[in-house]
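The values are calculated or read from the model by the stated rules, or taken from the named source; none is laboratory data. All of these numbers come straight from a predicted model, not from anything done at the bench. When we count neighbours, we look across all protein chains shown, and the Cβ atoms used for this are built from the backbone with ideal geometry, even at glycine. Heavy atoms of the whole protein, side chains included, go into the accessibility calculation; ligands, DNA and RNA do not. Shrake-Rupley method; radii C 1.70, N 1.55, O 1.52, S 1.80 Å.
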Amino acid sequence: MDEIMQGLHLVRRSPRGVGTLALAVRRPAVDAREVLSEAELDPDAGLIGDSWSQRSSSRTADRSPHPDMQLNVINSRFVELIAGPDRNAWALAGDQLYLDLDLSVDALPAGARLAIGDRAVIEVTDQPHTGCAKFAARFGRDAHKIVWTEEGKQLRLRGLNARVVVGATIKAGDTVRQLP
């Protein structure tokens, strides 16, 4: 816990407004991960080839995939803090987009839009992104505990949910910028 707490200053210094797509990951099936050099975002399907569209949601009346939870987005600095520099280990977090960007509630309220690369646009939704038992098992109880602290929730250490507004191909290294 001390090591994570000492490293949070790096997360707090994430760029605000303009950052970078550090990693894109597809989840073709439960517990399967594919680190992608390029990914295709689509307003209907989310990240093409990801299993989001087949996952039921307890947050919809008919248990269909929740449209405001197409994408799970997490801060790349936090993932590196808890998983180390190996990006294959980052993918175990279960998120699709890993951004070097301030994801805090203050920086990106629900409705905020982010342009990724030349054309893609995603929108932050009001659906909370919560940690699960798998997250705790993979990164430790301390990592799981810290995401639930007041600061952890404010910084959105466990990430945020988003939906695709404008589909396009994205790739690691693309600029991510908040739209006015």
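Can you name the residue in the stretch 125-155 that is among the aromatic types (F, W, Y) and within 25 Å of A39 (Cβ to Cβ) and, of all such residues, is surrounded by the most Cβ atoms within 10 Å (Cβ to Cβ)?
We begin by selecting, within the stretch 125-155, every residue among the aromatic types (F, W, Y); these are 135, 139, 148.
When the remaining residues are screened for being within 25 Å of A39 (Cβ to Cβ), the result is 135, 139.
Details: F135: 19, F139: 22.
Per the stated criteria, the residue is F139.
Scan the stretch 12-56 for residues that are touching a helix residue (DSSP H, G or I) at 6+ places or on another chain (Cβ under 7 Å) and small (G, A, S) and the total you get is 5. Considering (1) crowded, with 22+ Cβ neighbours inside 10 Å; (2) touching a strand residue (DSSP E or B) at 6+ places or on another chain (Cβ under 6 Å); (3) not aromatic (F, W, Y), the lone condition that R158 does not fulfil carries the number (2). In contact with a His (Cβ under 9 Å, 6 or more places away or on another chain) and on the phi < 0 side of the Ramachandran plot - does that describe any residue in the stretch 32-43? No, that holds for no residue. Of the strands (runs of 3 or more DSSP E) that lie entirely inside the stretch 5-79, those containing 3 or more residues that are open to solvent by 10 Å² or more (accessible area, probe 1.4 Å) and either in contact with a strand residue (DSSP E or B) (Cβ under 8 Å, 6 or more places away or on another chain) or within 24 Å of W148 (Cα to Cα) (or both) span 18-26, 34-36, 38-42.
So, Q96, is that one surrounded by fewer than 15 Cβ atoms within 10 Å (Cβ to Cβ), touching a residue at least 24 places away in the same chain (Cβ under 8 Å) and either within 12 Å of the chain's Cα centre (by Cα) or closer than 19 Å to M5 by Cα (or both) or not? Spell out how you get there, then give the answer.
Details: surrounded by fewer than 15 Cβ atoms within 10 Å (Cβ to Cβ): no; touching a residue at least 24 places away in the same chain (Cβ under 8 Å): yes; either within 12 Å of the chain's Cα centre (by Cα) or closer than 19 Å to M5 by Cα (or both): yes.
No.
Test T130 against the stated conditions and say whether it is more than 13 Å from the chain's Cα centre (by Cα) and of a type in the set (S, T, Y). It is false that T130 is more than 13 Å from the chain's Cα centre (by Cα) and of a type in the set (S, T, Y). Answer with yes or no whether D95 is charged (D, E, K, R) and modelled with pLDDT under 95. The answer is yes for D95.
Could you list, in sequence order, all residues of the stretch 134-180 that are of a type in the set (A, V, I, L, M, F, W, C), modelled with pLDDT under 95 and part of a helix (DSSP H, G or I)? Answer for the stretch 134-180, where residues must be of a type in the set (A, V, I, L, M, F, W, C), modelled with pLDDT under 95 and part of a helix (DSSP H, G or I): F135, A136, A137, F139, A143, I146, V147.
Residue-level analysis places G159 among those that are at positive phi and not charged (D, E, K, R). Across the stretch 101-118, the number of residues qualifying as under 15 Å from the mean Cα position of the chain (by Cα) and either without any contact (Cβ under 8 Å) to a residue 40 or more places away in the chain or buried (at least 19 other Cβ atoms within 10 Å of the Cβ) (or both) comes to 10.
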